[in-house]
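S.K.: I'd like to ask some things about the structure below.
The values are calculated or read from the model by the stated rules, or taken from the named source; none is laboratory data. Bear in mind the structure is a predicted one, so any value in this text is a computation, not a measurement. Ideal geometry is used to build each Cβ from the backbone, glycine not excepted, and the neighbour counts take in all protein chains shown. Heavy atoms of the whole protein, side chains included, go into the accessibility calculation; ligands, DNA and RNA do not. Shrake-Rupley method; radii C 1.70, N 1.55, O 1.52, S 1.80 Å.
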Amino acid sequence: ALPGDMIALMGPSGAGKTTLLLALNGYLPPSSGMVRINGEDLYNIYDTLRGSIGYVPQDDPVHPELTVFEAVKYSAKFRLPPDYSEEEIDARVEQTIKDLGLEGVKNLQIGRPEKKILSGGQRKRIGLAQVLIRDPKILLMDEPFGPLDAQTREIMGNLLLDLWSADRKAVMFVTHDLEEAIALSDRVVIM
């Protein structure tokens, strides 16, 4: 994958799509073969590259008691370099929230799935914001569109295309929808 590539990853349940993403993001060393970035073994240089790789898991990693702003800021404090001032962190959080179309809900509590405050699409965008806060150059997403309704899937797809075209990130995402894969990606990898 090169900068600017958008790759859809498809395959049946149990094919290893999530395992592949975990190997590509540095969380799970492969049992054979190598993951290379610019010709280097990722696992030998992981400490220097981990800020360049963003991973958005399938489940929304958001704390239900926090507001949208608090959740993204909390993530920023862990992901941004330690020399960022409080003002710089707040500005980055505000911009990321705006980029993802969450400014209208930034002061709302996230809530639990059984006690809905935010929609599923808004929760997915919060998970994405928590990763994009550090501006990774490689973005790996495990089913960023599911289980969302058709209108929200389209919004998320357009958002992803906007982010990809603006920043020329290398993006790989898992999907089970062939039409979605063809519409959003340069290449489709089928496992």
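S.K.: Considering only the range 12-26, state which residues are closer than 27 Å to Asp162 by Cβ and open to solvent by 10 Å² or more (accessible area, probe 1.4 Å).
M.R.: The initial filter retains those residues of the range 12-26 that are closer than 27 Å to Asp162 by Cβ, namely 17-18, 20-22, 24-26.
Those that are closer than 27 Å to Asp162 by Cβ and open to solvent by 10 Å² or more (accessible area, probe 1.4 Å): Lys17, Thr18, Leu20, Leu22, Leu24, Gly26.
S.K.: Looking only at the range 103-155, count how many residues are assigned to a loop (DSSP other than H, G, I, E, B), in contact (Cβ under 8 Å) with a residue 60 or more places away in the chain, of a type outside the set (A, V, I, L, M, F, W, C) and more than 25 Å from Ala15 (Cα to Cα).
M.R.: Residues flagged as assigned to a loop (DSSP other than H, G, I, E, B), in contact (Cβ under 8 Å) with a residue 60 or more places away in the chain, of a type outside the set (A, V, I, L, M, F, W, C) and more than 25 Å from Ala15 (Cα to Cα) within the range 103-155 amount to 3.
S.K.: In the range 118-130, what residues are open to solvent by 20 Å² or more (accessible area, probe 1.4 Å) and touching a Leu at 6+ places or on another chain (Cβ under 6 Å)?
M.R.: Gly120, Arg125
Residue-wise test of (1) open to solvent by less than 50 Å² (accessible area, probe 1.4 Å); (2) closer than 25 Å to Gly121 by Cβ; (3) touching a Cys at 6+ places or on another chain (Cβ under 8 Å).
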| site | (1), (2), (3) |
| --- | --- |
| Ile7 | yes, yes, no |
| Leu42 | yes, no, no |
| Leu49 | yes, no, no |
| Val56 | yes, yes, no |
| Lys73 | yes, yes, no |
| Lys77 | no, no, no |
| Glu88 | no, no, no |
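S.K.: Might you let me know whether the range 168-175 holds any residue that is open to solvent by 40 Å² or more (accessible area, probe 1.4 Å) and either in contact with a Phe, Trp or Tyr (Cβ under 8 Å, 6 or more places away or on another chain) or part of a helix (DSSP H, G or I) (or both)?
M.R.: No, that holds for no residue.
S.K.: Which residues, counting only those in the range 93-113, are within 13 Å of Ile133 (Cβ to Cβ) and open to solvent by 60 Å² or more (accessible area, probe 1.4 Å)?
M.R.: Selection gives Glu94, Gln95, Lys98, Asp99.
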